[in-house]
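Rule-based calculations on the coordinates, nothing more; no lab input. The structure presented is a predicted model; accordingly, all values stated were derived computationally and were not measured. Neighbour counts are summed over all protein chains in view; Cβ atoms, including those assigned to glycine, are modelled from backbone coordinates with ideal geometry.
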Amino acid sequence: MSQSKLSRRGVVAGGAALGLAAPFVRSANAAGSLTIGLWDHWVPGANEVQSAIIKEEWADKEKVDVKVDYITSQGNKLLLTLAVEAQSRSGHDIMEFTNWDSAQYNQSLENHDDVVKQVVAQNGPINPAVEYLGKYDGRWLGVPMTRGTLLLGCNVRFDMLKQYGDVDYQALYPAGKPPNDASWTWDAFMVAAEKTQKAGHGFGLPLGNTTDTNQWVGALFLAYGAQLMDAKGNITVKTDQVKQVLEYGKKLAGFCPADAQAWDDSSNNKWLISGTGSLIFNPPSAWAVAKRDAPQVAEKCWFGGFPKGPAGRFNPILPRFYGVWNFSKNKPAAKSLLAHLATRQAAEKQVAASQGYDIPPYVKFNDFKTWEDEGPPKGALSHYPIKGGDQVAGVVCSPAPPLIAAQIWAQAIQAQMVVRYYKGESLEKVSDWAAQELEGFKRT
């Protein structure tokens with residue numbers, strides 16, 4: 001965990017963007033101190049820009065001393081921090097949540113409807129998948145944020161994929177033009193996975209209990225229309241769709257790295273940066289590091305959409321929300337800061353600082369120039385955001401009720417089903433195991 005205490009300074013230029021924040025900060029408690037715990041960004045330099053936005057554009061003007069803690073997601077340290085603070089009812093004023101996390105802590109979070117209403121009035125509509133995750137019992141549990149929100153997408157070595165897998169990925173996702181990806185299906189993906197694996201440059205697909213695993217396997221389930229539980233809480237494990245996706249997953253697992261079940265969220269990045277892998281599912285963090293450490297790899301990378309399955313083409317989204325604990329000692333200032341961090345000006349700086357990694361939850365922000373201009377090679381990130389085509393942002397583990405979906409995610413049930421079937425358990429045994437797990441989730 002890295003820490004930086006932000007001291008007061010004079011009012012800086014650019015304060016006009018703060019108009020949205022005013023209703024939340026003009027009170028007796030507006031000044032004083034504030035603490036915020038944020039995810040430690042993968043992309044070098046992104047944390048420093050976020051600190052500057054908080055310090056120079058907000059804290060100095062509002063006369064608030066802000067302490068920012070960047071907390072790594074490695075070893076689930078961010079999740080552990082959330083659990084400890086919610087249980088002890090002490091810690092930061094603001095914490096960062098992702099996916100189903102805020103729903104799990106709904107009883108400890110403020111209602112953020114007031115902030116979101118003003119943010120939407122300024123920014124326009126929120127991506128439906130983000131809204132689906134950000135609300136619980138009809139109220140917003142946090143404010144959707146750009147920094148750290150990601151789409152997984154395909155990060156490919158276009159030279160290797162073309163040479164060894166017979167897939168011209170740049171032609172599927174041409175820079176500055178609509179996608180041409182009708183042929184990019186999960187069946188075609190399987191063929192390419194086998195070819196590249198035999199050539200020694202296979203796909204780096206993790207199969208452990210990690211975020212990246214949950215995301216790509218969850219997207220595969222969505223593409224097959226395979227649900228483990230419906231929105232009413234009915235268990236739907238034993239369906240033809242689940243059987244089909246498990247049959248597919250079992251075969252695909254045979255083309256994954258031998259140690260894929262032990263991979264963490266950095267392993268696939270290393271697989272690509274090392275020059276070994278021809279494809280990973282990842283935002284542009286591996287590419288951003290490769291620009292610094294392995295430029296010969298970075299200049300051969302390209303980004304685009306997920307393969308299409310029988311039920312559609314789903315790119316898993318992992319949104320970020322900043323939420324104020326209901327035990328915060330400075331709620332007016334906390335909400336003011338959230339309003340500022342959700343402005344277009346802040347979002348554009350965050351996207352640029354992350355070299356295109358961050359995806360705004362506000363659909364009108366997809367016109368930022370970073371994705372067209374970043375390189376090398378220029379245009380590589382053109383199709384990292386969803387722009388045209390039939391691809392949609394998908395919420396993995398849906399449509400199960402939020403608190404159960406959170407447990408499906410935490411226990412990596414979908415990935416475990418694939419691995420168990422791959423290792424030789426019968427389909428019936430795998431299905432019975434998953435159904436029993438889900439029954440247990442319903443009782444907790």
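Placing unit charges on the Cβ atoms of the charged side chains and taking the dipole of the chain about its Cα centre, the candidate lying farthest along the positive direction among Leu341, Cys301, Ser426 is Leu341.
Here the chain is assigned +1 on the Cβ of each Lys and Arg and -1 on the Cβ of each Asp and Glu. Its dipole about the Cα centre then comes out at about 520 debye.
By the count of neighbouring beta-carbon atoms within 10 Å, fewest first, Glu439, Glu62 end up ordered Glu439, Glu62. In this structure, the amide hydrogen of Thr35, modeled 1.01 Å from its nitrogen in the peptide plane, lies closer than 5 angstrom to those of Lys67, Asp93, Ile94, counting only residues at least 5 positions away or on a different chain. Computed over region 82-150, relative contact order equals 35 percent, with contacts defined as Cα pairs under 8 Å that lie 6+ residues apart.
Farthest towards the positive end of the charge dipole of region 148-266, among the residues Gly165, Gly148, Gln227, is the Cα of Gln227, using unit charges on the Cβ of Lys, Arg, Asp and Glu. Our summary gives region 304-444 a relative contact order of 23 percent, counting only alpha carbon pairs under 8 angstrom and 6 or more residues apart. Label sites at Glu299 and Val191, each approximated as a point 7 angstrom past Cα along Cα to Cβ, lie 3.2 nm apart.
Distance from the Cα centroid of region 81-131 to that of region 34-73 is 17 Å (rounded to whole angstrom). Roughly what would the spin-label model give for Asp159 and Ser33, points 7 Å off Cα along C-beta, in nm? In this crude spin-label approximation the distance works out to 5.3 nm.
Taking the Cα centre of region 194-348 as reference, the dipole from Cβ charges on Lys and Arg (+1) and Asp and Glu (-1) amounts to some 380 debye.
Per the helix-only calculation at 222 nm, which mean residue ellipticity applies to the chain, given -39500 (n - 2.57) for every DSSP H run of n ≥ 4 and division by its residues, nearest 500 deg cm²/dmol? For the chain, the value works out to -11500 deg cm²/dmol.
The mean sequence separation of alpha-carbon pairs under 8 Å and at least six residues apart, normalised by the residue count of the chain, gives a relative contact order of 26 percent. Modelled spin-label separation between Lys442 and Lys198, with each label point placed 7 Å from Cα along the Cα-to-Cβ direction: 4.5 nm. Sparse packing (at most 11 other Cβ atoms within 10 Å of the Cβ) combined with a DSSP loop state is found for none of the chymotrypsin sites (Phe, Trp or Tyr not before Pro) in region 247-278.
When both bridge partners sit in the chain, DSSP labels roughly 65% of those beta bridges antiparallel. Among Arg313, Arg420, sorting on how many other beta-carbon atoms sit within 10 Å of each Cβ, with the fewest leading, yields Arg420, Arg313. Potential lengthening of the chain between Thr72 and Glu428 amounts to 124.3 nm, from the contour at 0.36 nm per residue minus the alpha-carbon distance. One quarter of the surface of the convex hull around the alpha-carbon atoms of the chain equals 19.7 nm², the direction-averaged projected area. Shown for Ile386, Ile54: other C-beta atoms within 10 Å of each C-beta, ranked fewest to most, produce the order Ile386, Ile54. Between the amide H of Gly208 and those of Trp263, distances stay under 5 Å, these residues lying 5 or more places away or on another chain, with hydrogens modeled in the peptide plane.
Near Ile317, the amide H atoms lying under 5 Å from its own belong to Gly394, Val396; only residues 5 or more places off or on other chains count, and H is placed 1.01 Å from N.
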